[in-house]
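Asker: Got a structure for you, written out below as structure tokens; questions coming shortly.
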Amino acid sequence: MTNTEIYELLVNKIPKENILKNESMKKHTSFKIGGVADFFVKVKEIDKIKYILKICKENNIQLNIIGNGTNLLVKDSGIRGIVLKIDMDNIEIEDVKNYNNTDTDRYVNIIVGSGVLLAKLAQILLKNSISGFEFASGIPGTIGGAVKMNAGAYGSEFKDIVVETTCMNYNGEIFKINNKQHKFEYRKSIFQNEEYIILESKLQLKYVDNIKIIKEKMDEYKRSRLEKQPIDFPSAGSTFKRGTDFITAKLIDECGLKGYSVGGAQISTKHAGFVINTGTATAEDVLKLVDIVKNNVLQKFGKNIELEIEIIGE
Ligand SMILES: Cc1cc2nc3c(=O)[nH]c(=O)nc-3n(C[C@H](O)[C@H](O)[C@H](O)COP(=O)(O)OP(=O)(O)OC[C@H]3O[C@@H](n4cnc5c(N)ncnc54)[C@H](O)[C@@H]3O)c2cc1C
């Protein structure tokens, strides 16, 4: 099917302003790397998501789902077919029950659309005196990306707060899965194995009396990120997963690789676990650098290190 034909199918149902043709993925990834996507489509309505799944299935069009693009490396030749950004932005705070003053654990459920940015949700929860989400306030992704990746920081992960997720399979059927069915593991969930679209998740958090406690935690985590992470350079966060019995960044540092570059890709001098884009990095630069790091760590320490970032495109 030609791109003109794909476009004609898209405009049948999707507003033109939500369809970007030959869109540079540099604009949609925190790494600011990657070629163009044939089509970059933003939707929030269920019927439109279903329609896109249907045309992709019927016409064999490649489909990639994206959140805020903060865990992705897009290859230099870009992405064929459709990149679909799920933009569901609903946020609903629902009381579990009426509390008495004597209740110590005052739980509250939050239903949140998969396109909501974690930082935005964190601010809303802060204003409502709801605690338990502070760990995620500095992670630059969306709910969809964070649930799929079981994103975590400062001793907490999404697995600790997700009650259930509403998903759609590629046949357009909608269903809910409970916490256990997510099969959460370190930076992993069922969504790596099943082609499900995350529509919204229900999170369980807690009311607290003193809003200051929430604010202080968020500020502390922010200071820690500013101090330890190279957030002034484009990256996709930690490039590699933590090892089961070793800290990957420490091994990379001990290989003397801090500051080591291939083209515009560099091992951050601030944090050896981050590959940063110093301005002109290509995906090829990053992948070459990743290979060098993996080989060095394997030779010096006998440890295989795994990527945390996801590579898409061609
Ligand atoms: C500076 C920086 C700091 C970071 N710090 C942390 C950290 O402390 N902890 C941590 O865990 N991560 C961290 N990350 C990595 C990243 O922010 C997280 O993995 C985040 O959860 C990814 O969310 P996203 O919306 O950007 O997802 P994307 O990168 O867009 O996508 C990630 C995956 O999720 C899938 N996906 C996204 N939305 C949906 C959906 N609606 N339905 C189905 N699949 C979907 C995509 O297809 C892809 O496979 C950091 C990244 C950066 C750049």
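Asker: For Leu287, work out the one condition from (1) closer than 17 Å to Glu310 by Cβ; (2) in contact with a Ser or Thr (Cβ under 8 Å, 6 or more places away or on another chain) it doesn't fulfil.
Answerer: Going through the list (1) closer than 17 Å to Glu310 by Cβ; (2) in contact with a Ser or Thr (Cβ under 8 Å, 6 or more places away or on another chain), Leu287 breaks only (2).
Asker: So for segment 185-198 (the condition being closer than 24 Å to Ser238 by Cβ, near the ligand (Cβ under 9 Å from one of its atoms) and surrounded by fewer than 20 Cβ atoms within 10 Å (Cβ to Cβ)), does at least one residue qualify? Before you say what the answer is, go through the steps one by one.
Answerer: Going through segment 185-198, the residues closer than 24 Å to Ser238 by Cβ turn out to be 185-193, 198.
After this cut, where a residue has to be near the ligand (Cβ under 9 Å from one of its atoms) as well, the list is 187, 191-192, 198.
Add one more test, that the residue is surrounded by fewer than 20 Cβ atoms within 10 Å (Cβ to Cβ), and what stays is 187, 192.
Looking through segment 185-198, at least one residue is closer than 24 Å to Ser238 by Cβ, near the ligand (Cβ under 9 Å from one of its atoms) and surrounded by fewer than 20 Cβ atoms within 10 Å (Cβ to Cβ).
Asker: Scan Glu45, Glu58 and give me the residue that is at pLDDT 95 or above, out of contact with any Leu (no Cβ under 8 Å at 6 or more places or on another chain), within 25 Å of Asn90 (Cβ to Cβ) and acidic (Asp, Glu).
Answerer: Selected residue: Glu45, the only one of Glu45, Glu58 that is at pLDDT 95 or above, out of contact with any Leu (no Cβ under 8 Å at 6 or more places or on another chain), within 25 Å of Asn90 (Cβ to Cβ) and acidic (Asp, Glu).
Asker: Report, by residue number, each residue of segment 219-242 that is buried (at least 17 other Cβ atoms within 10 Å of the Cβ) and either among the polar types (S, T, N, Q) or in contact with a Leu (Cβ under 7 Å, 6 or more places away or on another chain) (or both).
Answerer: Selection gives Gln229, Ser235, Ala236, Ser238, Thr239, Phe240.
Listed here are the residues, each with its yes/no results for (1) within 26 Å of Ala151 (Cα to Cα); (2) within 15 Å of the ligand (Cβ to nearest atom).
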{"residue": "Asp219", "(1), (2)": "yes, no"}
{"residue": "Pro230", "(1), (2)": "yes, yes"}
{"residue": "Phe233", "(1), (2)": "yes, yes"}
{"residue": "Lys250", "(1), (2)": "yes, no"}
{"residue": "Ser261", "(1), (2)": "no, no"}
{"residue": "Leu289", "(1), (2)": "yes, no"}
{"residue": "Asn296", "(1), (2)": "no, no"}
{"residue": "Lys300", "(1), (2)": "no, no"}
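Asker: If you go through segment 192-223, how many residues are touching a residue at least 24 places away in the same chain (Cβ under 8 Å) and under 28 Å from Glu310 (Cβ atoms)?
Answerer: Number of matching residues: 16.
Asker: Further, regarding this structure: Out of Gly152, Gly256, which single residue is within 11 Å of the ligand (Cβ to nearest atom) and surrounded by fewer than 19 Cβ atoms within 10 Å (Cβ to Cβ)?
Answerer: Matching residue, one of Gly152, Gly256: Gly152.
Asker: From the list Lys54, Lys13, Lys27, Lys32, pick out the single residue that is out of contact with any strand residue (DSSP E or B) (no Cβ under 7 Å at 6 or more places or on another chain) and touching a residue at least 60 places away in the same chain (Cβ under 8 Å).
Answerer: Lys54
Asker: For segment 61-97, give me each residue that is of a type in the set (Asp, Glu) and over 18 Å from the mean Cα position of the chain (by Cα).
Answerer: Once the filter is applied, which keeps residues that are of a type in the set (Asp, Glu) and over 18 Å from the mean Cα position of the chain (by Cα), segment 61-97 yields Asp76, Glu92, Glu94, Asp95.
Asker: State the number of residues belonging to segment 166-192 that are of a type in the set (Val, Ile, Thr) and touching a Ser or Thr at 6+ places or on another chain (Cβ under 6 Å). Before the answer, list the steps.
Answerer: Residues of segment 166-192 that are of a type in the set (Val, Ile, Thr), as a first pass: 166, 174, 177, 190.
Subsequent filtering for residues that are touching a Ser or Thr at 6+ places or on another chain (Cβ under 6 Å) retains 177.
Residues in segment 166-192 being of a type in the set (Val, Ile, Thr) and touching a Ser or Thr at 6+ places or on another chain (Cβ under 6 Å): 1 in total.
The values are calculated or read from the model by the stated rules, or taken from the named source; none is laboratory data. Just so you know, these numbers come straight off a predicted model, no measurement behind them. Virtual Cβ from ideal backbone geometry, glycine too; neighbours counted across all protein chains shown.
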